[in-house]
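Following: one structure in C-alpha cells, then a few remarks.
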Number of protein chains: 4
Amino acid sequence: MTPPEARQTPQGSHNWGRWGEGDEKGALNLLTPEVVLASLGAVTEGRVLPLALPIKGSTSSPAPTTVPHLRGRPLPQHFMSVDGADYAAGTRPVGAGLRMADDALIVTPHGTTTHMDALCHMWAGDALYNGHPADRVRSYGATRCGIDKAGPVVARASFFDVPARRGVRHLAAEERITVADLESCGADVRPGDVAVIRTGWPLAWSDSPEKYWSGQPGLSAEAGRWLAAHDIAMVASDNSAISALNPHQGADESLDDDLHLLFLWRHGIHLAEMLWLEELSEAARTHFLFIATPLNIQGGTASPITPIAIL
Amino acid sequence: MTPPEARQTPQGSHNWGRWGEGDEKGALNLLTPEVVLASLGAVTEGRVLPLALPIKGSTSSPAPTTVPHLRGRPLPQHFMSVDGADYAAGTRPVGAGLRMADDALIVTPHGTTTHMDALCHMWAGDALYNGHPADRVRSYGATRCGIDKAGPVVARASFFDVPARRGVRHLAAEERITVADLESCGADVRPGDVAVIRTGWPLAWSDSPEKYWSGQPGLSAEAGRWLAAHDIAMVASDNSAISALNPHQGADESLDDDLHLLFLWRHGIHLAEMLWLEELSEAARTHFLFIATPLNIQGGTASPITPIAIL
Amino acid sequence: MTPPEARQTPQGSHNWGRWGEGDEKGALNLLTPEVVLASLGAVTEGRVLPLALPIKGSTSSPAPTTVPHLRGRPLPQHFMSVDGADYAAGTRPVGAGLRMADDALIVTPHGTTTHMDALCHMWAGDALYNGHPADRVRSYGATRCGIDKAGPVVARASFFDVPARRGVRHLAAEERITVADLESCGADVRPGDVAVIRTGWPLAWSDSPEKYWSGQPGLSAEAGRWLAAHDIAMVASDNSAISALNPHQGADESLDDDLHLLFLWRHGIHLAEMLWLEELSEAARTHFLFIATPLNIQGGTASPITPIAIL
Amino acid sequence: MTPPEARQTPQGSHNWGRWGEGDEKGALNLLTPEVVLASLGAVTEGRVLPLALPIKGSTSSPAPTTVPHLRGRPLPQHFMSVDGADYAAGTRPVGAGLRMADDALIVTPHGTTTHMDALCHMWAGDALYNGHPADRVRSYGATRCGIDKAGPVVARASFFDVPARRGVRHLAAEERITVADLESCGADVRPGDVAVIRTGWPLAWSDSPEKYWSGQPGLSAEAGRWLAAHDIAMVASDNSAISALNPHQGADESLDDDLHLLFLWRHGIHLAEMLWLEELSEAARTHFLFIATPLNIQGGTASPITPIAIL
C-alpha cells in the first residue's frame, strides 16, 4: 500500500502535489486558463448533452426505486411545501393573485444518483490525499478536501466507449476494462483531460434491478494506473464505483489496487459516477468539452451533479 | 394582467410558444447548437469563475446562518453519516483498510442559496407558462414545467454590472434598475443571451443580516420588459428575487409588473437567483460564456446550482 | 360503500359523531376522565413494557434495513450534527469544557416504524371522517383530522393474542382474524378500550424480509365490525395495516370492507400499527393500561410513537 | 469539576451507579414496578393533560417560526408526500377508490420542541455518565447512553410552579430558582419522582420572540443539587435548558455548577425541556402521574416527546 507521503513525488509532469494554495483541488489544478481555452477547441457541433440520471424523489410512489441505485442506500426524497393542487383546493394566492410552488430535496449522493466525489471521500490510514489529516473530516463536514475545494470542471473529454468498441450493449458484470480496451478506443489523451468511461451498465437496470445489483463491470487497476499516468484531471463513469463491484457491492481489489484510493487518494484525481452516457454513445465522438459544476457544499464528501458534454 | 393564452403569440422572433416537444423549456429553446457554438466565441481568457454562494449546512454551529438568505426559510442541513472522526474514535475500516466519508444534504433552494427557478415556480390563475394546467403541480412534483424540463444552460452572457457603472459598492435597498441603467452597461444583447444582473446586494449581508433583510434592489418592470423584448434565454441575478423586495420580503409590483410572472410565466424565461458576482465584477467583462447545469430533479420547482462564467 | 354522511348516526352508545368541539378526536372522545380513572384499575403489577420497534437510522450502515418495514418506503435517517468522535478528533468543547452531542431525525412513519394514524390518513370520496372536507389536507398539513387533534391515549387495553390462543408462533400470511378468534381470547371488552391485536408477524422478519413481505395476516372485516360495535377507542396491532396484506402490500378487501375506512373513516377510531408485542405476549395478561402519546405534529397524518403497556 | 469516576459513589440511596444491566438508564432505574404502582395513587381525577408544544413544520409559511425555539436552530419541517389537494386536482385513488395522505417529518429536537435528553447529550472530559467512553458517540449514533437506553417514564410528579407561588405570570429572564423557591411549593418529594419545574417562560414568546431570546430563567445550581439529593428520577421544565440562559443562549454556570452536567452526567438524571405547563398550572395540583415515552431512536441524543400529566 503506497502511503500518502509518497504522493509528494508527482507521478506526472504537473505539480499539484505541493502544500499551499489549491492543494486540495488535486489534479483539477491542471485546468489552467490555457488548458480550458484549448479545451473549447473540442467543440465542433454546439450540441449539449446532459449526462445525469433523473432524481425521482416522490416518496409516496415507487418512483425513487425506478432509477439505478446501489441496494440499501437512502434514496432521494423530494417534497413540495406548496403546489398547484393546494391552490386548486382553495389555498389563498400570495398578495394580489400570485401563486407559487416551493419544494425541498433530501439527497445522499453516493450510490443513488449522478455525483462527483470529493477527495475526502476515501482514504487509508490516518491521512487524506496529500497528507491532510483525516480526522478533520467531522460531523459538521470536511475542513480538508471537501467538494467545496474542487470547484467547477471545464475540460476536454477523452471518451472510452468500451461496449461500443466491442460491439456489445453493455459489459458483463464481471468484466474489467483493460489498458488494451482503453487504447482501442482511439483517444488522444492529453494532460488535463477528463476520462469518460462507458460500461453501459445502467442498461442492466432496465433488464432488472436484480441484474444491476448482481455485480458491475469497471476499470481494472492497470487501466486506472494507465489513466493516472496520462495526467488526466478526472475520471467519470456510468458505473457506480469506477471499479468493478461484486454482488455484495464491494470491490475485490487489494488496497494497492483499489481504484478509489488510486485516483482520489494517491493522485488527487476527482471521480464522477453514475453518469448516463447512452445518447453520448450514439453521438460517437471521442473528444468533446466536458463540464461539471458541483454544488458548493462546504465540507461535502460529494455533490450531485448534471455533467454535460458539449459536442 | 396578461393571461397565459396571450402568450401563444410570441413576443419576439423565436417560436418556443407552441405546444409540443420542448414547449416546457421556454426561452431555453433559443439555445440551438448554432447559438451554443457561437457563444463559445465569447471566451477569450479561459478563466473559469464559479458564481455560487457556499452551502453551509453544519447544523450544530451558526454556520448556516452566516450565508445570505431570506428570513424564515429553512436553511440547508448537511450531515455526515460516517467521517474521519469516527475512524479516529475506533470505527472499523471497510474491508482491508479502506475508510470512507459519506453525507446527506437537505436543501430548500428558494431564498436560501444560489438556484435556478423552474417555469412552474410561479403563475397567476389556473395555468402555468404556455397554458399548462397548474394543478399538475402536486405533492409528488410538477409533471409540467418542472426543472427537469429545463436542461443545461450554455449561453453567451450579457453582464449588467449596474453598481460598477454607477461607481457604488452596491445599489440601495429601494433602488430599481431602469432601462437606462441596462443600456449604460454597454452590452450588445443578442437573442439567446443570459442577462446577468449585478446589484451587489450580497455585500449588504457582510454589513449585517438586518441590512440585507431591510429590502433589496432589483429590476424594474420596464427593465424586465426591455430584456424580454431582446429575446434573452434567461436572467441571472445576485439578489433574491430578480425584482426589488420590500422589508417584508415581498415585491411591491402589481401582477402586471411582477417580474416572476413576466419572465417565468409570460415569456418562459428561466431565472437564477442569489448568485455571487463579486469576482466577476472585478473581471470587468461584458460578455463571456455562462453555464448552469441544474440537477435533474423530476418535478422540481428549482435546483441549487453552481453557475459558472468562462471568461 | 357507506358514505361519511351516514356516520352522523352513531353506531354505538357514544356521541362523538357530532360536529363541534372535539369532533376530530373521533372515538378518543370516549376517554373521559371517568373512563381514564377506571382504566387505572387494570394495573396490577406496575410493570411497564414499551411496545415500539427500534428506529435505526444510521444511513451508512445496513442498520435501517434490519428493522421490519414495508418495501419501497423511505426508511428513517438519523444524523449526528456533533458527537463524541468529533471531540476525540479535536473539536473544541463549548465554553469551559462542556461537550455535547446533537442530532436530527427524518422519519416517514407509515410502513416504517411503530406509529399512530391520524383520522385524515385515509378516506373515500371527497370527505374525511365525519364529513370534514378532504381538500383541507394540503401540502402544509391537514387542517382537519390531523394527528394534533388526537391527543394522548390513556385507556384500558383488551389484548387479543391470537397466535398464543392458537398455539402458533405467528399467524400465516394469508390468515384473517375472525370474530371467533377475538371471542376466544377471553377479553371483557368495554367502551373506550384499546383493542391490541397480536399477529406475531414481526417474527416473520427474523426469518427473512422476503417472508415478511410475502403478505401479512390481519383482521377480517367482520372482526373489525365486531370491534367497532363494542365502542372501542382505538385499535393497535403488530402488523403493518390492521388488515391483511397481499404480496403487493395491498389489501384485498372491497371499499365496504376496507379496515382503514371502517375504523378511521366511518367510526373515527384511531389506529396504531407496527407495534412490538412479543414481551407483552409472554406476560399473558388480557387487560392492562395502554398509553400512547403522539407527537403534536400540526396537520400530521401520523406520528411515530412508543406505546406502553402498564401491567 | 467532579470527574465521572466520582459518580461510582452514589449520591443517594439508590444503586444505579454500577456497571451492568441497565446502567445506561441512570436514575430511571428508580422506577421499579413497586414505585410505578405507587405512582398511580397520585391520580385522583382521571384528567389527562398533554404537555407538549405544537410541532409546526409547514415550511412555505411562517408557521415553524411561531413556536418558541432557540435562535439559529433548524426548525422542524413537515412535508406531505400525497394529500387531499392532490386528489382534488385529479390524482387517481388507490385501487377501487381509497385515498390516503402520507407525510414525513424532519426534526432536530434540542432547542426546537418539547423533548427528552439522553444521558449522552452532555459531558465533560472523555467519559459520559458512569464512565462510558464518549468516543462511542459517533456519526451513526451513540452506542452508549442513547435515548434508546432510557425507555418509558411512568412516575409520580412533584410540581414546582414557582411563578404561581410568587404570584407572577412568569419568572424574569435573569432569575434563578432557589432551594427556598422549591421548598415553598409544598411538594412532598419522594425517590423516583419527576420534578416538573414551571418558569412560565414560554409566555414570554407570546410577548415577542426577542423577549424569549433575551435570556431565560432556570434552576440554580443549589436547587439542582437539592433535587438530585432527593433521588428524583428526572427533571422536566418549560424552559429550554433547565438552567438559566444568558442572551447568548449560554449558561453562565461553571462546569461544577452546570446543570446539564449535574443531572445528566453526574447523576444520570434524564431531562425534559420546553414543556408547555400552562394548563397544568391552572389545575393547581402538586402531585400527579407523569408519563413520557421517548421514541426508540437507536443512538439518539434526544427524542421529541408529548409528556402527559394524569391528574
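Could you tell me which of the residues C:Ser243, C:Ser220 is more than 14 Å from chain D (Cβ to nearest Cβ) and open to solvent by less than 50 Å² (accessible area, probe 1.4 Å)?
Working: C:Ser243 fails: more than 14 Å from chain D (Cβ to nearest Cβ).
Selected residue: C:Ser220, the only one of C:Ser243, C:Ser220 that is more than 14 Å from chain D (Cβ to nearest Cβ) and open to solvent by less than 50 Å² (accessible area, probe 1.4 Å).
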**Q.** Of all residues making up region A:76-131, the number that are of a type in the set (Phe, Trp, Tyr) and touching a residue at least 40 places away in the same chain (Cβ under 8 Å)
**A.** 2
Q. Can you tell me which residues in region A:171-218 are touching a Pro at 6+ places or on another chain (Cβ under 8 Å) and within 30 Å of A:Pro33 (Cα to Cα)?
A. A:Arg198
Q | Any hit, region C:39-49, residues being at pLDDT 95 or above and under 30 Å from D:Ala124 (Cα atoms) | A | no
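In region C:94-144, what residues are more than 7 Å from chain D (Cβ to nearest Cβ), polar (S, T, N, Q) and open to solvent by less than 10 Å² (accessible area, probe 1.4 Å)?
As a first pass, look at region C:94-144 and keep what is more than 7 Å from chain D (Cβ to nearest Cβ): C:94, C:109, C:111-119, C:125-133, C:143-144.
Those left that are additionally polar (S, T, N, Q): C:112-114, C:130, C:143.
If the condition is that a residue be more than 7 Å from chain D (Cβ to nearest Cβ), polar (S, T, N, Q) and open to solvent by less than 10 Å² (accessible area, probe 1.4 Å), then C:Thr112, C:Thr113, C:Thr114, C:Asn130 are the ones that fit.
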Q) Got a number for residues in region C:147-176 being in contact with a Cys (Cβ under 6 Å, 6 or more places away or on another chain) and open to solvent by less than 20 Å² (accessible area, probe 1.4 Å)? A) 1
**Q.** Tally, over region D:205-217, of residues that are open to solvent by less than 10 Å² (accessible area, probe 1.4 Å) and touching a residue at least 60 places away in the same chain (Cβ under 8 Å)
**A.** 1
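Suppose we filter region B:26-74 for residues that are in a loop (DSSP other than H, G, I, E, B) and either facing another protein chain (nearest Cβ under 7 Å) or open to solvent by less than 20 Å² (accessible area, probe 1.4 Å) (or both); how many remain?
First, pick out the residues of region B:26-74 that are in a loop (DSSP other than H, G, I, E, B): B:31-32, B:43-47, B:51-54, B:56-62, B:67-74.
Among the residues that remain, those that are also either facing another protein chain (nearest Cβ under 7 Å) or open to solvent by less than 20 Å² (accessible area, probe 1.4 Å) (or both) are: B:43, B:45-47, B:51-54, B:56-62, B:67-69, B:72, B:74.
Qualifying residue count for the region: 20.
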Q: Report, by residue number, each residue of region A:182-193 that is within 21 Å of A:Ile291 (Cα to Cα) and open to solvent by 50 Å² or more (accessible area, probe 1.4 Å).
A: A:Asp188, A:Arg190, A:Pro191
**Q.** Members of region D:219-270 that are farther than 24 Å from D:Arg169 by Cα and in a strand (DSSP E or B)
**A.** D:Met234, D:His270
Q: Could you list, in sequence order, all residues of region B:271-281 that are open to solvent by 10 Å² or more (accessible area, probe 1.4 Å) and assigned to a loop (DSSP other than H, G, I, E, B)?
A: B:Trp276
Q. What do you reckon, is A:Asp252 within 14 Å of chain B (Cβ to nearest Cβ), in contact with a strand residue (DSSP E or B) (Cβ under 9 Å, 6 or more places away or on another chain) and at pLDDT 95 or above?
A. no
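Would you check if B:Val196 is open to solvent by less than 10 Å² (accessible area, probe 1.4 Å), under 20 Å from B:Met116 (Cα atoms) and within 14 Å of chain A (Cβ to nearest Cβ)? Before you say what the answer is, go through the steps one by one.
Numbers: open to solvent by less than 10 Å² (accessible area, probe 1.4 Å): yes; under 20 Å from B:Met116 (Cα atoms): yes; within 14 Å of chain A (Cβ to nearest Cβ): no.
So B:Val196 fails the test.
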Q. Is it fair to say A:Val107 is more than 24 Å from A:Leu75 (Cβ to Cβ) and in contact with a Ser or Thr (Cβ under 9 Å, 6 or more places away or on another chain)?
A. no
Q: For region D:75-91, name all the residues that are part of a helix (DSSP H, G or I), buried (at least 24 other Cβ atoms within 10 Å of the Cβ) and facing chain C (nearest Cβ under 7 Å).
A: D:Gly84, D:Ala85
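Conditions (1) open to solvent by 20 Å² or more (accessible area, probe 1.4 Å); (2) in contact with an Asp or Glu (Cβ under 7 Å, 6 or more places away or on another chain); (3) at positive phi; (4) modelled with pLDDT of 95 or more, marked per residue:
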| position | (1), (2), (3), (4) |
| --- | --- |
| B:Ala228 | no, no, no, yes |
| B:Ala233 | no, yes, no, yes |
| B:Trp265 | no, no, no, yes |
| B:Thr286 | yes, no, no, yes |
| B:Pro294 | no, no, no, yes |
| B:Thr301 | no, yes, no, yes |
| B:Ile308 | no, no, no, yes |
**Q.** Filtered residues of region C:136-170 (kept if over 28 Å from C:Ala38 (Cα atoms), basic (Lys, Arg) and in a strand (DSSP E or B))
**A.** C:Arg138
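For region C:116-135, check the following and say yes or no: at least one residue is farther than 24 Å from D:His78 by Cβ, in a loop (DSSP other than H, G, I, E, B) and either small (Gly, Ala, Ser) or not assigned by TED's automatic domain parsing to the domain that holds C:Ala195 (or both).
Quick first cut of region C:116-135, residues farther than 24 Å from D:His78 by Cβ only: C:124-125, C:131.
This time we only want the ones that are in a loop (DSSP other than H, G, I, E, B), so: C:125.
If we keep only those that are either small (Gly, Ala, Ser) or not assigned by TED's automatic domain parsing to the domain that holds C:Ala195 (or both) as well, we get C:125.
Looking through region C:116-135, at least one residue is farther than 24 Å from D:His78 by Cβ, in a loop (DSSP other than H, G, I, E, B) and either small (Gly, Ala, Ser) or not assigned by TED's automatic domain parsing to the domain that holds C:Ala195 (or both).
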Q: Determine, yes or no, whether A:Asp181 is of a type in the set (Asp, Glu), in contact (Cβ under 8 Å) with a residue 12 or more places away in the chain, in contact with a His (Cβ under 8 Å, 6 or more places away or on another chain) and within 21 Å of A:His267 (Cβ to Cβ).
A: no
Q: Would you check if C:Leu259 is within 14 Å of chain D (Cβ to nearest Cβ) and open to solvent by less than 10 Å² (accessible area, probe 1.4 Å)?
A: yes
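The values are calculated or read from the model by the stated rules, or taken from the named source; none is laboratory data. Fair warning: this is a prediction, and the values are worked out from it, not measured in the lab. With ideal geometry, Cβ positions are generated from the backbone for all residues, glycine too; neighbour counts draw on all protein chains shown. Heads up: the accessible areas ignore ligands, DNA and RNA and are worked out on the full protein's heavy atoms, side chains in. Shrake-Rupley method; radii C 1.70, N 1.55, O 1.52, S 1.80 Å.
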